[in-house]
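*Asks:* Quick one: the structure is below, questions incoming.
The values are calculated or read from the model by the stated rules, or taken from the named source; none is laboratory data. Just so we're clear, the structure is a prediction, and the values are computed from it rather than from any experiment. Please note: Cβ atoms are built from the backbone with ideal geometry, for glycine as well, and neighbour counts cover all protein chains shown.
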Amino acid sequence: MVKTRRGTETSRVAAATTATTWRHWIYGGMVKAEPGVNGLAGYEYHRRIIQNCSDGQKNERVEVLVGCARWHSEQIGRPSADAYGAYHWRLHRIHFMSNDTTTFYEGPPEKERLVRREYANGDVSYFEGDRDRERLVAKHFCDENNWQHYEGEKGEERLVEQVLQKRPWERTHHYFYEGEKDMERIVRREHCGVTYFYEGEKGKERLVRDEQLCYWTRHPVLEKSYYEGERGEELMVRREFPCGKVQHYEGEWDEEHMVREEGACEDKTIVKHFEGPKGEERLVRYEKPTPDGNIVLHFEGPKDEERHVRTTFPDGSVSIVSQ
């Protein structure tokens, strides 16, 4: 006979296996549960289990069973009716001492299924499915309000979506993934009304396109930007507008400047050429095709103040514009 830390005398059971030794303490007996806890007004039954491994390590956990006013005489491994009265016991939670992790269960006795796992740092994992087939469906990381969602059968769960908000005042980022377990790659990200598309294997995903709704017309229109380059070095090379206008860009990262515009909304045949750094691109040449060749209009002056200075015709003649 041994005394537990709660002062209740109980029997100790030791069972040996090839690699481990199990020692079971039932301590505290039944603990009165608050009415309404987990939908029951009954008792909790605490069982402490210590596993001594052959390598000298020790694993310790506490199992908590919840009892309600029903009894099934054929239960195995549950408190006896003689000792604890007519209560029907089911596993409610297990607390693992080694890593301060608690797992929670739901379902009738002998069919309890894992539904939640809480970690010492506040992170939580959620599970769905029948007993022994519980699959991970979501994780919540409390430090960044980060949610991850999973699909797939037990053991094959793959990440499909992540919702991340690093700071309370920031808008959330939605990441979408494709690929088998441990090989999930980002294929799409949504943030502040912009959708970003990625290509490449896990860890090397590179931005190839973004789409956003713009409201500079009566009805919202979808603008698309295209990128080239390795991850972290993607350069915008083209923008497309619903009216058919296409803008081409050149330059280093974050310094891409427009150099050419085709298919202008007012005339699809026009090609405009620009010079200048990002944000200060000025119109320098304006090409309009004709049956005999291109008519080229030349401009001078800073952005938004360009003035037409001369015109070159297909036959090579030049017309100077008087100022």
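*Asks:* For region 203-237, enumerate the residues that are surrounded by 16 or more Cβ atoms within 10 Å (Cβ to Cβ) and over 26 Å from the mean Cα position of the chain (by Cα).
*Replies:* If the condition is that a residue be surrounded by 16 or more Cβ atoms within 10 Å (Cβ to Cβ) and over 26 Å from the mean Cα position of the chain (by Cα), then V237 is the only one that fits.
*Asks:* Something else: Checking R185 against (1) outside the structural domain of K166 (by TED's automatic domain parsing); (2) within 16 Å of the chain's Cα centre (by Cα), only one condition comes out false. Which one?
*Replies:* Of the numbered conditions (1) outside the structural domain of K166 (by TED's automatic domain parsing); (2) within 16 Å of the chain's Cα centre (by Cα), the odd one out for R185 is (1).
*Asks:* Listed residues E128, E190; which is surrounded by 13 or more Cβ atoms within 10 Å (Cβ to Cβ), over 16 Å from the mean Cα position of the chain (by Cα) and in contact (Cβ under 8 Å) with a residue 12 or more places away in the chain?
*Replies:* Values: E190 fails: over 16 Å from the mean Cα position of the chain (by Cα).
So the residue among E128, E190 that is surrounded by 13 or more Cβ atoms within 10 Å (Cβ to Cβ), over 16 Å from the mean Cα position of the chain (by Cα) and in contact (Cβ under 8 Å) with a residue 12 or more places away in the chain is E128.
*Asks:* Still on this structure, please answer the following. Farther than 23 Å from Q148 by Cβ and touching a strand residue (DSSP E or B) at 6+ places or on another chain (Cβ under 6 Å): is that true of E199 in this structure? Lay out the reasoning, then the answer.
*Replies:* Numbers: farther than 23 Å from Q148 by Cβ: no; touching a strand residue (DSSP E or B) at 6+ places or on another chain (Cβ under 6 Å): yes.
Answer is no for this residue.
*Asks:* Where in region 205-295 are the strands (runs of 3 or more DSSP E), entirely inside, with at least 1 residues that are in contact with a Pro (Cβ under 7 Å, 6 or more places away or on another chain) and not β-branched (V, I, T)? Before you say what the answer is, go through the steps one by one.
*Replies:* Working: elements: 206-214, 221-228, 235-240, 246-250, 257-264, 267-275, 282-290.
Correct list: 206-214, 221-228, 257-264, 282-290.
*Asks:* I've got another one for you. Among the residues of region 132-158, write down those that are closer than 20 Å to G122 by Cβ and assigned to a strand (DSSP E or B). Give the derivation first.
*Replies:* Going residue by residue through region 132-158, those that are closer than 20 Å to G122 by Cβ are 136-150.
Answer for region 132-158, where residues must be closer than 20 Å to G122 by Cβ and assigned to a strand (DSSP E or B): L136, V137, A138, K139, H140, F141, N146, W147, Q148, H149, Y150.
*Asks:* Among the residues of region 265-323, count how many are under 24 Å from P242 (Cβ atoms), small (G, A, S) and surrounded by 14 or more Cβ atoms within 10 Å (Cβ to Cβ).
*Replies:* Selection size over region 265-323: 0.
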